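Visitor: My structure is below; once you've seen it, I'll send some questions.
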Amino acid sequence: MKKRSFTTYTMDDLRRYRWWLPTIERAFDEIEEYLKGKDLWFKITYIKEKYGWFRCEYYSFDDTIMNIVENLEDDTHSICQECWCKWEERDWGRIKTLCDYCFTHKK
């Protein structure tokens with residue numbers, strides 16, 4: 001992950017969320033492109049996993065940026081933490097997001 005002006009998080013910081021890196025990278029690229037040439041302030045202050053979902057605390061009052069971050073958070077709850085595949089959400093009170101195969105074979 002390349003250095004971003006709006007966060008101090010590096011690839012090493014996010015390595016524990018490796019199954020989300022492509023999704024995070026795509027969202028960060030979108031934010032960076034949106035910020036070009038605009039006088040907007042945006043800062044990510046904290047990144048974590050909560051109940052198997054990506055959570056990002058940030059400062060911004062721009063609707064477009066808020067939508068990008070919300071979409072990022074929504075996208076992460078359907079990525080398996082073992083094999084990184086996309087899967088349909090199921091309601092089993094999960095703390096870890098697993099596809100059907102990994103849920104059955106790797107719990």
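Bear in mind these aren't lab numbers, they're just calculated from the coordinates by the rules spelled out. Given the structure is predicted, the values throughout are model-derived calculations rather than measurements. Reconstructed Cβ throughout: ideal geometry from the backbone, glycine too, with neighbour counts over all protein chains shown.
Visitor: Would you indicate which of (1) 14, 46, 28, 11, 2; (2) 15, 49, 29, 6, 0; (3) 11, 12, 11, 10, 10, 9, 8, 7, 6, 5, 4, 3, 2, 2, 0 is the value of P(r) over Cα pairs in 10 Å bins from 0, in percent derived from the coordinates of this structure?
Guide: (1)
Visitor: Assuming 0.36 nm per residue, please report the length gained on full extension of the stretch Glu70 to Ser5 beyond their Cα-Cα distance. Write out the running numbers ahead of the final one.
Guide: On the way: separation 65, 0.36 × 65 = 23.40 nm, distance 1.98 nm.
Gain on extension, Glu70 to Ser5, equals 21.4 nm.
Visitor: Here is a further query. For Phe42, Phe103, Phe61, which order do you get if you count the other beta carbons within 10 Å of each Cβ and list the fewest first?
Guide: Values: Phe42 22, Phe103 17, Phe61 9.
Neighbour counts put them in this order, fewest first: Phe61, Phe103, Phe42.
Visitor: If you put +1 on each Lys and Arg Cβ and -1 on each Asp and Glu Cβ, how big is the dipole of the stretch 11-105 around its Cα centre, in Debye rounded to 20?
Guide: Values: 14 positive and 21 negative charges, 89 e Å.
Taking the Cα centre of the stretch 11-105 as origin, the dipole is about 420 debye.
Visitor: Between the helical axis of 63-76 and the dominant principal axis of the chain, each derived from Cα atoms, what acute angle in degrees is found, rounded to the nearest 10?
Guide: 20 degrees
Visitor: Can you tell me how much longer the chain between Tyr59 and Arg26 gets when fully stretched, taken as 0.36 nm per residue apart minus their C-alpha distance, in nm with one decimal?
Guide: Contour length minus Cα-Cα distance gives 10.0 nm.
Visitor: 5 Å is the cut-off here: which amide hydrogens, built 1.01 Å from N in the peptide plane, fall below it relative to Phe54, excluding neighbours closer than 5 in sequence?
Guide: Thr76, His77
Visitor: Check the chain for me: any Cys whose beta-carbon has no other cysteine beta-carbon within less than 4.7 Å?
Guide: Those would be Cys56, Cys83, Cys85, Cys102, since no other cysteine Cβ in the chain comes under 4.7 Å of theirs.
Visitor: Give the order of Glu33, Glu73 when sorted by the count of other beta carbons within 10 angstrom, beginning with the fewest. Show your work: numbers first, answer last.
Guide: Values: Glu33 9, Glu73 16.
Ranking Glu33, Glu73 by Cβ neighbours within 10 Å, fewest first, gives Glu33, Glu73.
Visitor: In which sequence would Leu72, Leu14 go, from the one with the fewest C-beta neighbours within 10 Å to the one with the most?
Guide: Working: Leu72 20, Leu14 17.
Least to most surrounded, the residues fall as Leu14, Leu72.
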